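The values are calculated or read from the model by the stated rules, or taken from the named source; none is laboratory data. Quick caveat: nothing in here was measured; it's all calculated off a predicted structure. Heads up, the Cβs are rebuilt from the backbone with ideal geometry, glycines too, and the neighbour counts pull from every protein chain shown. For accessibility, only protein heavy atoms count, side chains too; no ligands or nucleic acids. Shrake-Rupley method; radii C 1.70, N 1.55, O 1.52, S 1.80 Å.
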Amino acid sequence: MKKIGFLSFGHWSPQSRTRSAADALLETIDLAQAAEQLGADGAYVRVHHFARQLASPFPLLAAIGAGTKRIEIGTAVIDMRYENPLYMAEDAGAADLIAGGRLQLGISRGSPEQVIDGWRYFGYQPAEGESDADMGRRHAEVLLDLLRGQGFAQPNPRPMFPNPPGLLRLEPYSEGLRDRIWWGAGSNATAVWAAKLGMNLQSSTLKNDETGEPFHVQQAAQIRAYRDAWKEAGHTRTPRVSVSRSIFPLVDDRDRAYFGREGQQQDQIGYLDEQTRAIFGRSYAAEPDALIEQLKADAAIAEADTLLLTIPNQLGVDYNAHVIEAVLTHVAPALGWR
């Protein structure tokens with residue numbers, strides 16, 4: 001069995017069916033509700049700043065949480081270089097309480113953005129001797145400490161309202177959220193680091209090209225390294241691991257028109273910056289029988305317990321619900337995911 005959810009980047013443009021930021025936000029809520037009705041397990045959003053995409057996740061997650069009952073809600077991922085961990089802990093706690101403990105919060109050091117060093121505009125800069133990636137990981141560690149729920153702030157001796165005894169923690173506090181934090185790892189080393197800190201693992205459709213092997217082979221090795229590190233760290237709970245994929249069963253004329261042509265059927269190589277060579281995983285689009293055989297050979301999907309379907313949100317709620325339903329009904333049962 002696998003948990004299967006969707007992942008939306010929330011793109012919008014006047015030339016698409018999702019023409020405005022309001023459209024992107026409201027359609028994401030509608031799709032989450034439709035996905036829950038179809039039996040999907042998760043509704044996840046990607047966060048990008050300075051772009052015509054989803055950017056401020058917590059109001060959206062709270063709205064999805066209030067409008068659904070069962071489906072997990074989450075991010076994949078929030079760029080921690082831009083985040084105030086204390087404010088984030090409050091927002092995350094509130095969203096999780098509204099959703100009844102269904103928040104799965106994916107965070108990371110981030111990827112190349114639309115502007116140069118965008119986090120500087122948010123008021124952050126690395127400490128002396130620290131890179132922006134180091135800063136993102138430091139922010140993440142502060143967040144993890146806050147989510148333990150321990151008091152740390154000295155109370156005012158003459159407060160406006162009575163305080164509980166002892167040092168004060170941030171409120172609202174949501175029990176169990178600390179165990180539902182995920183790290184989006186782009187390398188084997190950061191996956192191991194995440195395991196040591198007790199975070200779940202999100203592995204996307206790209207990672208650092210560390211061995212020259214096919215993407216799914218490298219990603220599967222990353223997952224195994226993560227699980228070995230988790231076991232070595234002595235954590236008592238079982239961690240979760242997600243991978244993201246673009247998967248389109250061709251079951252009607254719309255599917256064939258959108259995705260039936262020769263597409264990205266092979267991995268691609270690119271550079272995230274001047275030093276970092278990355279490998280981008282292929283997309284899957286085929287008739288269900290052929291698609292099932294292709295997915296059987298994906299070693300990383302086999303290793304993961306959660307699959308996030310990256311969706312073309314600009315094609316509208318109805319079409320994306322159709323894609324999710326096609327995967328759940330035509331593909332997942334044959335692969336033992338359901």
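A quarter of the convex hull surface defined by the alpha-carbon atoms of segment 5-107 gives 6.0 nm² as the mean projection. In the context of the full set of protein chains, residues of segment 83-138 present 50 Å² of accessible surface per residue (probe radius 1.4 Å, heavy atoms only). At a probe radius of 1.4 angstrom, the accessible area of segment 1-45 per residue rounds to 45 square angstrom. Charging the Cβ of each Asp and Glu at -1 and of each Lys and Arg at +1, and nothing else, the dipole of segment 201-303 about its Cα centre rounds to 420 debye. Taking other residues whose beta carbon is less than 11 angstrom from the beta carbon of Lys3, and scoring Lys, Arg as +1 and Asp, Glu as -1, yields 0.
Relative contact order, whole percent, for the chain stands at 19, derived from Cα pairs under 8 Å and 6 or more residues apart. Cross-link pairs exceeding 22 Å in C-alpha to C-alpha distance, out of Lys196/Lys296; Lys3/Lys296; Lys2/Lys196; Lys3/Lys69, comprise Lys196/Lys296; Lys2/Lys196. Between Ala334 and Ser131, the modelled labels are 4.3 nm apart [label points 7 Å from Cα along Cα→Cβ].
The peptide list 224-237, 284-297, put in order of mean Cβ contacts within 10 Å with the highest first, becomes 284-297, 224-237. Let me know the Kirkwood hydrodynamic radius for the chain, please, with Cα pairs as the basis and the value in Å to one decimal. So the Kirkwood estimate lands at 20.8 Å. Per DSSP helix of 4 or more residues, -39500 (n - 2.57); summed, then divided by the residues of the chain. What does that give at 222 nm, rounded to the nearest 500? That calculation yields -10500 deg cm²/dmol at 222 nm. Measure nothing but the geometry: give the 0 to 90° angle between the long axis through the Cα atoms of 21-38 and the longest principal axis through the Cα atoms of the chain, rounded to 10°. It works out to around 70 degrees.
Dipole orientation for segment 211-338: of the candidates Ala221, Gly270, Ser244, Ala221 has the Cα lying most toward the positive pole (charges on Cβ; Lys, Arg +1; Asp, Glu -1). Descending by average beta-carbon neighbour count within 10 Å, the peptides 80-91, 12-23 line up as 80-91, 12-23, the highest first. If you take the Cα atoms of segment 209-294, find Rg, then find the Kirkwood Rh from the mean of 1/r over all pairs, what is Rg/Rh? Radius of gyration over Kirkwood radius for segment 209-294 works out to 1.09. Ligands, DNA and RNA left out, the 1.4 Å accessible surface of the chain is 51% carbon and sulfur atoms.
In the assembled protein chains, Ser246 presents an accessible area of approximately 30 Å² (probe radius 1.4 Å).
Counting DSSP beta bridges in the chain, what percent are antiparallel, to the nearest 5? Around 20 percent of the beta bridges assigned by DSSP in the chain are antiparallel ones. Taking every C-alpha pair closer than 8 Å and separated by at least 6 residues, the mean separation divided by the residue count of segment 214-338 gives a relative contact order of 34 percent. Taking 0.36 nm per residue of separation and subtracting the current Cα-Cα distance, fully stretching the chain between Phe50 and Asp273 would add 78.4 nm.
Once C-alpha pairs closer than 8 Å and six or more residues apart are averaged by separation and normalised to the residue number of segment 178-259, the relative contact order reads 30 percent.
Surface listing: His49, His216 arranged by accessible area from highest to lowest gives His216, His49, probe 1.4 Å. Over segment 51-128, one equal point on each Cα, no solvent: what is log10 I(q)/I(0) by the Debye formula at q = 0.17 Å⁻¹? With no solvent term, the Cα-only Debye profile gives -0.70.
Rolling a 1.4 Å probe over the protein heavy atoms leaves Phe259 with an accessible area of roughly 50 Å².
Length available on full extension from Glu175 to Ser16: 0.36 nm per residue minus the Cα-Cα distance, which gives 53.2 nm.
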